[in-house]
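Participant: My questions will all concern the structure given below.
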Amino acid sequence: MQIIVQDLVVSYEKIGSGPVVVMLHGWADSLHTFDALCKSLEQNYTVVRIDLPGFGGSQPPPKDWSLTDYANFTGSALQKIAIMPNDITLLVGHSNGGAIAIKAVALQILKPKKLVLLASSGIRQGSYKKSAFKGLTKLGKVATLILPKSYKTKLKKRLYDAAGSDYLVAEHMQGTFKKVVSEDIQAAAEKITVQTCLIYGELDTATPPSYGQILQYSIAGSQLHVIQNADHFLHQNHTDEVYGYIRKFDKS
C-alpha cells in the first residue's frame, strides 16, 4: 500500500490484528527485512511496517535528512494511517531503524509502551568507522591532489570498506548518510524511560554486542540479550529466538 507523507510517496504494510507493533528497518534495507519475523508477530499483533524515505518503495527525501527528520517523518506516516503516538504497544527498530526509534522516543514523537532494539546502530563516539567516514567525506579534497586515478580508486575503496558497505549500497543517499552517521544517540538514549529490550548478534561486526552494552548502560532498566552465532541480520537468521525474546518481553 502507498500513502503521501510530507509530499513523498511512501510504501507501507499493515497486517494482523491485536496490539500494534511498528517496525523500522535499517539503512539501505526495506520493510521486507522483517518478512520472516512478521509471520510470527501477525498471529498476535497488528504489524505496521514502513519503507523509510529513500529505500524500498518510498521516494527519497528532498534534502539531506537527519535521524530527527526520520523520526518526525515516522510520526507523520503513522498518523496518516490512523496510528497515534500512544497507540503503539511495541516499537521495533533494526540497525539504523533502532537509532531512529531511539530519537523518536526520546523526543516523544512516538510513545510506545515498550521499545525493542535489534542490532541498533547510533553509537558513534570514538569508533573507527566514524574516523574512516571522515576520511571518506574528505575524498573530494584528495581528488584535487596530483594522484594517479588508480590510486584514488583504491583509496576510495579502502575508505568505503572501513566506513561500512551501507554507504556504497545507497549512493543516492550519501548526503543523508553523512548526517546520520555523524549522530551519536547515547544522549537521546539516556532520556528513554519506557521498558527497553536490546537484542544483538554475537558475530555482528556492523553493530557489535558492545553497542548493546553501551545502550544498556544508557537506558535505565533495559535488558540485553546476545544471540549466539547470530550476525547483523539476526531477525532473519535467528527468527524464532528473536520472536521468543520479543514475546516474553511483551508479556513481562
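Participant: Checking Pro62 against (1) of a type outside the set (Phe, Trp, Tyr); (2) in a helix (DSSP H, G or I); (3) within 20 Å of Lys179 (Cβ to Cβ): exactly one of these is not met. Which one?
Facilitator: It is condition (2) that Pro62 fails.
Participant: Would you call Lys80 of a type outside the set (Val, Ile, Thr), out of contact with any Pro (no Cβ under 6 Å at 6 or more places or on another chain), buried (at least 23 other Cβ atoms within 10 Å of the Cβ) and in the same structural domain as Asp7 (by TED's automatic domain parsing)?
Facilitator: Considered against the rule, which asks whether it is of a type outside the set (Val, Ile, Thr), out of contact with any Pro (no Cβ under 6 Å at 6 or more places or on another chain), buried (at least 23 other Cβ atoms within 10 Å of the Cβ) and in the same structural domain as Asp7 (by TED's automatic domain parsing), Lys80 comes out as no.
Participant: Another question, if that's okay. Looking for whichever is touching a Cys at 6+ places or on another chain (Cβ under 6 Å) and part of a strand (DSSP E or B) here; the options are Val21, Val47. Which one fits?
Facilitator: Val47
Participant: Next question, about the same structure. Name the residues in segment 88-110 that are in a helix (DSSP H, G or I) and either touching a Pro at 6+ places or on another chain (Cβ under 9 Å) or crowded, with 24+ Cβ neighbours inside 10 Å (or both), would you?
Facilitator: Passing the criteria: Asn96, Gly97, Gly98, Ala99, Ile100, Ala101, Ile102, Lys103, Ala104, Val105.
Participant: I would also like to ask the following. Assess whether Tyr200 counts as being hydroxyl-bearing (Ser, Thr, Tyr) and more than 17 Å from the chain's Cα centre (by Cα).
Facilitator: no
Participant: So, in segment 14-61, how many residues would count as being of a type in the set (Ser, Thr, Tyr) and buried (at least 20 other Cβ atoms within 10 Å of the Cβ)?
Facilitator: Of the residues in segment 14-61, 3 are of a type in the set (Ser, Thr, Tyr) and buried (at least 20 other Cβ atoms within 10 Å of the Cβ).
Participant: Considering only residues of segment 1-55 that are farther than 18 Å from Ala119 by Cβ and among the charged types (D, E, K, R), which is nearest to the chain's Cα centre (by Cα)?
Facilitator: Once the filter is applied, the top-ranked residue is Asp51.
Participant: Where the second residue is in a strand (DSSP E or B) and among the basic types (Lys, Arg) and the first is in contact (Cβ under 8 Å) with a residue 40 or more places away in the chain and more than 20 Å from Asp29 (Cα to Cα) and lies in segment 85-103, which pairs have Cβ atoms under 8 Å and are six or more apart or on separate chains?
Facilitator: Every condition considered, the pairs that remain are Thr89/Lys114; Leu90/Lys114.
Participant: Something else about it: Checking the structure you have, find out if any residue of segment 194-217 is modelled with pLDDT under 55 and either of a type outside the set (A, V, I, L, M, F, W, C) or in contact with a helix residue (DSSP H, G or I) (Cβ under 7 Å, 6 or more places away or on another chain) (or both).
Facilitator: No, because not a single residue in segment 194-217 is modelled with pLDDT under 55 and either of a type outside the set (A, V, I, L, M, F, W, C) or in contact with a helix residue (DSSP H, G or I) (Cβ under 7 Å, 6 or more places away or on another chain) (or both).
Participant: Within segment 238-252, how many residues are touching a strand residue (DSSP E or B) at 6+ places or on another chain (Cβ under 8 Å) and either among the charged types (D, E, K, R) or over 14 Å from Thr89 (Cα atoms) (or both)?
Facilitator: Counting residues in segment 238-252 that are touching a strand residue (DSSP E or B) at 6+ places or on another chain (Cβ under 8 Å) and either among the charged types (D, E, K, R) or over 14 Å from Thr89 (Cα atoms) (or both) gives 5.
The values are calculated or read from the model by the stated rules, or taken from the named source; none is laboratory data. Bear in mind that the values here come from a model prediction, so they are computed numbers and not experimental data. So basically every Cβ, Gly included, is an ideal-geometry build from the backbone, and we count neighbours across all protein chains shown.
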